[in-house]
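The values are calculated or read from the model by the stated rules, or taken from the named source; none is laboratory data. Computed from a prediction, not measured in an experiment: that's the story for all the values here. All Cβ positions, glycine included, derive from the backbone under ideal geometry; neighbour counts span all protein chains shown. Note: areas computed on protein heavy atoms with side chains; ligands, DNA, RNA excluded. Shrake-Rupley method; radii C 1.70, N 1.55, O 1.52, S 1.80 Å.
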Amino acid sequence: MSVQKIVNITTDLNNNDFVTLDIGGWDFIVVHLILSAGTFSFLTSNDSGDVTGVSDGSAASAANFIAVTGTLLSNASAVTTLAASGMVKFSGIGQYFRISGAEGAQITKGLVRLYKIC
């Protein structure tokens, strides 16, 4: 049995050029982007950006991201970026997951499906 949640990231990604999700506790995620222009990169971090005695940090303050490799579902190739529409699966990555678009990058639709295997 599994539990899943789908997050629509279309507006956030188009308006801010990036979206950061707290994916702690999920076993794997699948990103589905329908691109209209540009290239998107995939990044991860465990650094919440916390400030001792002030804040526990969150996805909004997360910092120190590094590139992360996922599996493109159409052909099982390893990717760190996506320049055409596709679905990419990630597992075993950090607490925070970021999708970042190059300048002018836009999507028609973006969905992230989070999975927890029970």
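With a ≥ b ≥ c taken as the square roots of the eigenvalues of the C-alpha gyration tensor of the chain, please select rounded if a/c is under 1.5 and otherwise prolate if a/b is larger than b/c or oblate if it is not? Mind dumping the intermediate values first?
Details: a/c = 1.75, a/b = 1.23, b/c = 1.42.
Since a/c reaches 1.5 but b/c is at least a/b, the shape of the chain is classed as oblate.
Work out from phi, with θ = phi - 60° and the Karplus expression 6.51 cos²θ - 1.76 cosθ + 1.60, the ³J(HN,Hα) of each residue of the stretch 8-15, listed in order in whole Hz, and give x for Gly and Pro.
3J(HN,Hα) across the stretch 8-15, in whole Hz: 8, 10, 4, 5, 4, 5, 6, 7.
Roughly how many nanometres apart are two label points built 7 Å out from the Cα toward the Cβ at T80 and S58?
3.0 nm
Suppose all protein chains stay in the model; what accessible area per residue would a 1.4 Å probe give for the stretch 20-118, in Å²?
Ligands and nucleic acids excluded, the figure is 51 Å² per residue.
Springs between alpha-carbon pairs under 10 angstrom, Gaussian network model over the chain: which of V51, V31, V19 fluctuates most?
Result: V51 has the largest fluctuation of those listed.
To the nearest 20 debye, what charge dipole does the chain have about its Cα centre, counting +1 at the Cβ of each Lys and Arg and -1 at the Cβ of each Asp and Glu?
The dipole magnitude comes to about 460 debye.
So, in nm, how far is label Q106 from label C118 when the simple model puts each one 7 Å beyond its Cα toward the Cβ?
Each label point is offset 7 Å from its Cα along the Cβ direction, giving 4.1 nm.
At a 1.4 Å probe radius, which order do R98, R113 fall into by accessible area, largest first?
Solvent-accessible surface, decreasing: R113, R98.
Work from the charge dipole of the chain (Cβ charges, +1 for Lys and Arg, -1 for Asp and Glu, about the Cα centre) and give the residue of A78, S45, G25 farthest towards its positive end.
A78
Pick from G94, G70, G104: which residue has the top mean-square fluctuation in a GNM of the chain where Cα pairs under 10 Å get a spring?
Result for the chain, Cα springs under 10 Å: G104 fluctuates most.
Stretch N46-N8 to full length: gain in nm at 0.36 nm per residue minus the Cα-Cα span? The partial results should precede the final answer.
Values: separation 38, 0.36 × 38 = 13.68 nm, distance 2.27 nm.
This chain segment gains 11.4 nm when fully extended.
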